[in-house]
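In what follows, a structure is listed as structure tokens, so that the remarks can point back to it.
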Amino acid sequence: MGCGAAEMAALLRAGAATIERHRVELIDLDRPIGDADHGENMNRGFAAVVSTLDTAVPETPGGVLKIAATTLISKVGGAAGPLYGTAFLRAATTLGDAAELDPPAVLAALRAARDGVVARGKAEVGDATMIDALSPAVDAAEMAEANGIAAMLAAAADAADKGAESTTPLVARKGRASYLGERSVGHLDPGARSTALLLRAFAEAVG
Amino acid sequence: MRVGLVVVSHSAKLAEGVAELAAQMAPDVGVHAAGGLPDGGIGTDFDAVLAATQAADTGAGVVLLYDLGSAQMTAELAVESLTDPGSAVVVDAPLVEGAVAAAVAAQGGSDRAAVAQAAASAGAGDGARQEEPAAEQRQADRIELTLANEVGLHARPAALLVRSIAGLDADVRIRRGDDEADAHSVLALMSLSARKGDRLEITATGSQAGEALRRIEDLAERNFDE
Ligand SMILES: Nc1ncnc2c1ncn2[C@@H]1O[C@H](COP(=O)(O)OP(=O)(O)OP(=O)(O)O)[C@@H](O)[C@H]1O
Ligand SMILES: [Mg+2]
């Protein structure tokens, strides 16, 4: 199966559906170590992405990601807005106007997304943020590059799940949770969870 | 044409309050508030920040200040989306002191880099310095004067003083007793807590040191236009 603009739009719709299903879970994760809005922020943003795609789907996968990025930047309203927005924007730029994506293009987009989040938020692996899910996911996709896009995304989703789980014992060092210091220990990071959820949805939509 | 300011906050009230405070000391500076979400909730609204940044630019550029980390990310993203990203800069500064210091610097005609610098250094050295300046040997012009105005070196007189010497090539310091403050910083001057009747020693170095001292002397003689 190829990966063109229509498939990319389907991926984002699948992501939006997951976020909607897990809205309350993400809110509950954000409550003890944040301000209980991550699920609301993400759902507002992805619902807006779906509305935008309902009006018109751009002609290239990069175009689809770009419109998703600008929508998330405008609508999310919390830290996740500029972070996911930058991730999608950098991925879109990397894809340029390619009409169909191959595994190297998907890998390049994932790498650009991770680098974008790091550049924007200055978090490293171990700071208990979405980077703890995204970074190992990109590494896993790289290992699976020879096996095709579906395998890459499946590997990325598995690694992101593990990475998200790994935030539980950590002291948060970025974002709102960092104000809690030691008291952030014992809580799974909501942004890492939403990253894992999105990658799982993407993998299932392609697979 | 002065540098414009944007106060980016998660809270509309906080942004407006800080902008109000900063504008009071800088009547000719555009201080724009960009706080909260469109529905009134807590958060940062990219579109509002971008619009405020565009509105704040009257040709001399813009300095943006922020409250919490994610407001910084939104502000940086807004600057990157400008047609000329070089025209605005996001500065890491204490929000309240930074906004006041930046507004005064902008009022005095400082350029964008200097306004950003004023914000960034606000609060850092908490004003009055205890230690002696190292280069005591350096030839410095020096005057002494007694404050005769009612409120002393309070906010408004301090702002007038900073403004009177803005743009001169002179490094000016004011000493009251054991405390010394940078005369280019309103907050530093205020932290001297100099009151009516206090004796001040003012030193200046640089090619326009004499002019700077003359202007300060003038201002004191006019009782800071009280
Ligand atoms: N500097 C950062 N780098 C990477 N990820 C970050 C950073 N800051 C926050 N995050 C991620 O964002 C998630 C929180 O997103 P959310 O939408 O709840 O924003 P928020 O922190 O409530 O934002 P705000 O402070 O603006 O209200 C965290 O769980 C974390 O994964
Ligand atoms: Mg939150």
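Given the options A:PRO103, A:PRO82, name the one that is buried (at least 24 other Cβ atoms within 10 Å of the Cβ) and either out of contact with any Pro (no Cβ under 6 Å at 6 or more places or on another chain) or under 23 Å from B:GLY36 (Cβ atoms) (or both).
Only one candidate qualifies: A:PRO82.
Identify the residue in region A:76-96 that is more than 19 Å from A:ALA5 (Cα to Cα), part of a helix (DSSP H, G or I) and of a type outside the set (Phe, Trp, Tyr) and, among all such residues, is farthest from the other protein chains (Cβ to nearest Cβ).
Of everything passing the filter in region A:76-96, A:ALA80 is farthest from the other protein chains (Cβ to nearest Cβ).
Taking B:LEU82 as the residue in question, decide whether it is assigned to a loop (DSSP other than H, G, I, E, B), in contact (Cβ under 8 Å) with a residue 24 or more places away in the chain and farther than 20 Å from B:ALA119 by Cα.
Considered against the rule, which asks whether it is assigned to a loop (DSSP other than H, G, I, E, B), in contact (Cβ under 8 Å) with a residue 24 or more places away in the chain and farther than 20 Å from B:ALA119 by Cα, B:LEU82 comes out as yes.
Quick check, is B:ALA52 closer than 21 Å to A:LEU72 by Cβ, assigned to a helix (DSSP H, G or I) and either away from chain A (no Cβ under 14 Å) or of a type in the set (Ser, Thr, Tyr) (or both)?
The answer is yes for B:ALA52.
Of the residues A:GLY34, A:GLY77, A:GLY15, A:GLY39, only one is buried (at least 18 other Cβ atoms within 10 Å of the Cβ) and touching a strand residue (DSSP E or B) at 6+ places or on another chain (Cβ under 8 Å); which?
A:GLY77
For region A:177-190: of the residues being crowded, with 20+ Cβ neighbours inside 10 Å and within 14 Å of another protein chain (Cβ to nearest Cβ), which is nearest to ligand 2 (Cβ to nearest atom)?
It comes out as A:PRO190.
Pairs, please: C-beta under 9 Å, at least 6 apart or cross-chain, first residue more than 19 Å from B:HIS154 (Cβ to Cβ) and at pLDDT below 90 and in region B:207-221, second among the β-branched types (Val, Ile, Thr) and not in a helix (DSSP H, G or I)?
none
Within region A:191-201, is even one residue away from chain B (no Cβ under 14 Å), within 16 Å of ligand 2 (Cβ to nearest atom), farther than 24 Å from A:THR18 by Cα and outside any loop (DSSP other than H, G, I, E, B)?
no
The values are calculated or read from the model by the stated rules, or taken from the named source; none is laboratory data. For clarity, every value in this text was computed on a predicted model and none was experimentally measured. Methodologically, a virtual Cβ is constructed for each residue, glycine included, from the backbone with ideal geometry; neighbour enumeration extends over all protein chains shown.
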